[in-house]
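Every number here is computed from the coordinates shown, using simple stated rules; none is lab data. This is a predicted model, so every value here is computed, not measured. With ideal geometry, Cβ positions are generated from the backbone for all residues, glycine too; neighbour counts draw on all protein chains shown.
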Amino acid sequence: MLLRSRQVPQLGWNLEYIMWIFMRISGLAMAFLGATGMALAFLMGARTQMDLPTLMRWSFFPNPNHVVNSNIPDVTQGWANGFWQVMEILIISFAATHGFNGVRMVIEDYIDHSLWRPFLRGVLFALWLFSLLVAIYVILAS
Amino acid sequence: MQVTVKILRYNPEKDEKQHYESYQVEADPTDRVLDLLEKIKGYQDGTLAFRRSCAHGICGSCAMRINGRNRLACKTLVQDLNTTKITVEPLLGLRVIKDLVVDMEIFFEHYRAVKPYFVNDEPPPEKERLQSPEERERFDDTTKCILCGACTTSCPSFWANRNYLGPAAIVAAHRFIFDSRDRAAAERLKILSDHFGVYHCHTIYNCTDACPRGIQVTKAIGEVKKAIMTGSLD
């Protein structure tokens, strides 16, 4: 008799579980999206057309406004299109949700059972939604 | 050698807040911190309060902060501290009753919450519930817990919110969840997936550093998280 495989019914999803998984996936996703942005920027000529700070700004938020003052002759050629808008929305969604959930954890940790906790949760949720909507509006309007 | 022992003292009948008092003690390098406390209590200040019982690293009574780290006073030799100035303080995160004695009620409340006992309602076999050495090995590490509280009281998540079950309770749950003879794993995993369960662990590793029994506490918490995710108890 060696190790017998044992299984219990999987538990249903709850917020803590979902956010725990989300924090890991979003962390990896941000690194992957940043690396993708950087790699594609190099393919489009970033090595000779921009300095390191500009490249970093572009990698983690690939908005044409970030590279408009570099030596790129025309940012509308490859640097400003629907693909980069989707990349921006993905990065800002992952980053904002990841960061706001971090703040939520601090609140859950440090605010004991009182009216402050639901109040701060509500404020945080509103701030998260507001910042995300503003960011998406700016991305689509720029 | 002369050793200076600085102790964070508090007498609820006299003191408004905690304060340090220093004692000079003659000690051998192989003396334990518990021996120094006994000398102080026996020969210098009989009002000093601390818990002790077996004095051999098994009962878990004498967990305290020694030079800033949670340790058992009975397992800490003076020579291992590499200094003649020793600071002794009560465990953090729990209410101090007197001097080095803390109120551990909430610690044991969390311990009881995870059902730290064998559950199996199936009719018992004629002789015994058999288990292979491999199945026993699966939870061997967490059987070593002596409930001293060094892990839970070194955890910043517990300091921040005492409703968090804490590493010791999760270790106790791990010991039964992965026991092939036990049948209450699902129930315990449900308790641990709750708001103040395993997800309050931010993998800081203080618990693993603090455990005087060398239990890989953070690893055990990780295994419980994995069991919650997959349902697999392998």
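Strictly over 18 Å apart at the Cα level, which of B:LYS144/B:LYS190; B:LYS39/B:LYS75; B:LYS6/B:LYS39; B:LYS115/B:LYS226; B:LYS75/B:LYS219; B:LYS75/B:LYS98 would you flag in this model? Could the numbers behind the result be given before it?
Numbers: B:LYS144/B:LYS190 24 Å; B:LYS39/B:LYS75 16 Å; B:LYS6/B:LYS39 14 Å; B:LYS115/B:LYS226 20 Å; B:LYS75/B:LYS219 24 Å; B:LYS75/B:LYS98 22 Å.
In this structure, B:LYS144/B:LYS190; B:LYS115/B:LYS226; B:LYS75/B:LYS219; B:LYS75/B:LYS98 lie more than 18 Å apart at Cα.
Under a straight-distance cross-link criterion of Cα-Cα below 13 Å, which aspartates and glutamates are reachable from B:LYS17, leaving out those fewer than 8 residues away in the same chain?
Excluding near neighbours in sequence, the set is B:ASP99.
Set Lys and Arg Cβ to +1 and Asp and Glu Cβ to -1, take the dipole of segment A:61-142 about its Cα centre, and tell me which of A:ALA80, A:ASN65, A:TYR137 lies farthest positive.
Of the candidates, A:TYR137 comes out farthest on the positive side.
Restrict the search to segment B:39-144; then list the GluC sites (Glu not before Pro) that DSSP places in a loop and that have at most 13 other Cβ atoms within 10 Å of their Cβ.
Values: sites: B:GLU105, B:GLU109, B:GLU126, B:GLU128, B:GLU134, B:GLU135, B:GLU137; in loops: B:GLU126, B:GLU128.
Qualifying residues, ordered by number: B:GLU126, B:GLU128.
Sort by residue number and name the cysteines in the protein assembly as shown that have no neighbouring cysteine Cβ under 4.7 Å.
B:CYS62, B:CYS74, B:CYS145, B:CYS148, B:CYS155, B:CYS201, B:CYS211
Rounded to the nearest Å, what's the spacing between the alpha carbon centres of segment B:67-113 and segment B:164-234? Just the number, please.
23 Å
Treat each spin label as a single point 7 Å out from the Cα along the C-beta direction, and report the B:ASN161 to B:GLU128 distance in nm.
4.3 nm
Would you kindly derive the ³J(HN,Hα) couplings of segment A:37-43 from the backbone phi angles with the Karplus curve 6.51 cos²θ - 1.76 cosθ + 1.60 (θ = phi - 60°), listing them in order in whole Hz, with x for Gly and Pro?
Running phi through 6.51 cos²θ - 1.76 cosθ + 1.60 with θ = phi - 60° gives x, 5, 4, 5, 4, 4, 4 Hz.
With each label point set 7 Å from Cα along the Cα-Cβ vector, what nm distance links A:VAL68 and B:THR30?
Each label point lies 7 Å from its Cα, and together they span 7.8 nm.
Classify chain A: rounded, prolate or oblate, from the alpha-carbon gyration tensor (a ≥ b ≥ c, eigenvalue square roots; a/c under 1.5 rounded; otherwise prolate if a/b is larger than b/c)? Present the calculation step by step, with values, prior to reporting the outcome.
Working: a/c = 3.08, a/b = 1.64, b/c = 1.88.
The shape class here is oblate.
So how tilted is helix A:116-141 from the main axis of chain A? Cα-based, degrees 0 to 90, rounded to 10.
The angle comes out near 20 degrees.
Okay, which of segment B:103-141 sit inside 18 Å, backbone N to the point 7 Å along the Cα-Cβ direction of B:ALA186?
Taking a point 7 Å out along Cα→Cβ of B:ALA186, the residues of segment B:103-141 whose backbone N falls under 18 Å are B:115, B:119-123.
As a footprinting exposure proxy, order A:SER142, A:SER70 by other Cβ within 10 Å, with the fewest listed first. Please report the intermediate quantities before stating the final value.
Values: A:SER142 11, A:SER70 17.
So the residues, fewest neighbours to most, are A:SER142, A:SER70.
So which trypsin sites (Lys or Arg not before Pro) in segment B:50-118 are both in a DSSP loop and have at most 10 other Cβ atoms within 10 Å of their Cβ?
Numbers: sites: B:ARG51, B:ARG52, B:ARG65, B:ARG69, B:ARG71, B:LYS75, B:LYS85, B:ARG95, B:LYS98, B:ARG112; in loops: B:ARG51, B:ARG52, B:LYS75, B:ARG95.
Nothing satisfies the criteria.
Hey, what number do you get for chain B at 222 nm if only DSSP H runs of n ≥ 4 count, each worth -39500 (n - 2.57), divided across all residues, to the nearest 500? Can you show the working numbers first?
Details: 8 runs with 64 residues, N = 234.
Taking each H run of at least 4 residues, the total per residue is -7500 deg cm²/dmol.
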